[in-house]
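To start, the structure itself, in structure tokens.
The values are calculated or read from the model by the stated rules, or taken from the named source; none is laboratory data. As the structure is a computational prediction, the values presented were derived from the model and not from experiment. No Cβ is skipped: glycine too gets one built from the backbone with ideal geometry, and neighbour counts run over all protein chains shown.
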Amino acid sequence: MPDGLEQATVTFSVVFDADPTAGQPYVNVLKSAGGRPGIDTVALYRRTGNEWTASLSLNSGYTPGVQTARVFERLSRTEPTFEVAGSTLFLVTQPEYVVWTLDFEGDASGDAELAYTAAIADGLRIPMSVFWNPRVWATSQVSAERQDAMLAWTKVRLAKGDEVALHLHMWTDYVRAAGLVPRTSPSWAGRGDGYDVPMTAYSEAEQKTLIDYGLTLMADHGLPTPTSFRAGGDIGDAATLRAVAAAGFNADCTAVAKDYPPIGRIPYPWTLPAGAQPYRPSSTDANATGDLPLLEAPTIGGNTYAFTVQSIQPQIRANLAVFAAAGSVAAERKAITVVSHPGTIVPAERGAIEALLGAFGPLRYDADAGPVRFVTLAQLATAYGR
């Protein structure tokens with residue numbers, strides 16, 4: 001089915017035994033039951049020799065399911081008639097999406113971990129939404145060498161078509177550099193450096209200041225203006241989302257479902273059901289649909305940190321259960337967002353991520369196997385904008 005990313009088009013290739021020009025061949029498609037009644041017709045034209053082709057846009061009147069396409073050509077008789085020369089079946093489905101997000105935490109990531117991260121994306125042919133953390137430019141704890149290496153890696157990924165987004169933790173040095181008084185509580189782990197202080201500890205105006213400062217730092221270092229955001233610790237509220245929307249973002253993935261594993265001693269503010277799907281949040285209640293010009297894409301696909309191929313199997317099963325089964329069409333549009341961290345991807349976690357993302361292989365749209373498309377969070381916002 002069509003979305004904001006691409007049109008829904010089916011292309012037919014028909015090989016005739018002889019030149020069918022005199023027969024004026026065409027294809028018609030019987031719209032599926034439940035769709036708007038009618039038949040779509042498109043003329044075939046010669047591609048090469050006796051192979052003819054046609055493309056048909058499926059923008060209206062179709063519902064997910066099996067479709068029948070028939071080839072007609074005119075037969076020379078006493079009274080020439082058009083008759084069926086052949087037929088085929090094809091599937092129309094709602095799209096399903098997987099978004100792989102990568103959070104820089106504001107500390108240093110090593111070359112080996114960055115290489116593993118890139119190898120996963122390139123090996124599986126999956127785009128990444130790289131959530132950059134500008135705190136690295138506001139602290140003495142990350143060397144200039146590591147700053148430059150991480151930035152260079154990010155720009156390479158950007159050139160490959162990956163998305164660069166914004167991720168903020170409330171590090172005290174970053175908050176101070178933004179011109180605000182840092183807090184060390186409440187915190188989910190009692191660290192004392194602000195990393196584990198939620199954005200919600202700051203007022204809406206302060207959150208906007210922290211976001212704007214991050215955007216300025218990113219622009220100063222040659223990164224494009226991001227359109228996707230995630231707050232540290234997956235903790236945010238309506239004030240956070242209002243600040244994010246006011247800063248010009250199109251998408252946020254801070255939300256998690258109410259059954260998400262706890263991060264520490266601060267409870268999640270989210271009451272979303274298991275498998276919660278993208279929605280436009282309310283300006284007064286982050287858990288409700290409403291009026292904000294922002295797509296909230298809950299991170300329901302799991303956090304891969306410290307998992308192995310063996311331990312991540314339950315999450316793989318849970319993710320696959322969200323989507324339509326292999327070989328079938330999706331009756332509803334759905335999305336899964338997964339989070340990893342470039343600074344922690346060692347061989348064991350790399351294997352877990354490859355197992356998790358690779359499990360969608362039998363459902364991939366780009367292999368004509370199913371309805372699943374790997375997209376960035378920015379692309380997901382575009383798709384749901386329709």
Only one of E73, E113, E105 that is outside the structural domain of P342 (by TED's automatic domain parsing) and of a type in the set (D, E, K, R): E73
Selected residue [of a type in the set (A, V, I, L, M, F, W, C) and modelled with pLDDT under 95] from V142, V84, V175: V84
Residue within region 207-227 that is among the basic types (K, R), crowded, with 18+ Cβ neighbours inside 10 Å and touching a Ser or Thr at 6+ places or on another chain (Cβ under 9 Å) present: no
Criterion (in the same structural domain as Y260 (by TED's automatic domain parsing), touching a Phe, Trp or Tyr at 6+ places or on another chain (Cβ under 6 Å) and among the aliphatic types (A, V, I, L, M)) met by exactly one of V375, V322: V375
Positions within region 146-194 being among the aromatic types (F, W, Y) and either buried (at least 21 other Cβ atoms within 10 Å of the Cβ) or over 22 Å from I266 (Cα atoms) (or both), in sequence order: W153, W171, Y174
Residue among R333, R317, R350 that is exposed (fewer than 15 other Cβ atoms within 10 Å of the Cβ) and basic (K, R): R317
Selection within region 243-260 - more than 20 Å from T284 (Cβ to Cβ) and surrounded by fewer than 18 Cβ atoms within 10 Å (Cβ to Cβ): G248, A257, D259
Which numbered condition S87 misses (of (1) polar (S, T, N, Q); (2) in a strand (DSSP E or B); (3) closer than 30 Å to L180 by Cα): (3)
Region 86-125, subset among the polar types (S, T, N, Q) and crowded, with 18+ Cβ neighbours inside 10 Å, residue farthest from V14 (Cα to Cα): S109
Near pairs, Cβ below 8 angstrom, 6+ apart or cross-chain, from region 273-298 (under 12 Å from A255 (Cα atoms)) to any residue that is part of a strand (DSSP E or B) and among the aromatic types (F, W, Y): L295/Y279; E296/Y279
One residue from R191, R230, R176, R242 being farther than 20 Å from A108 by Cα and basic (K, R): R242
Among the residues listed as T227, T209, T240, the single one being in the same structural domain as Q379 (by TED's automatic domain parsing), of a type in the set (S, T, N, Q) and over 22 Å from T101 (Cβ atoms): T209
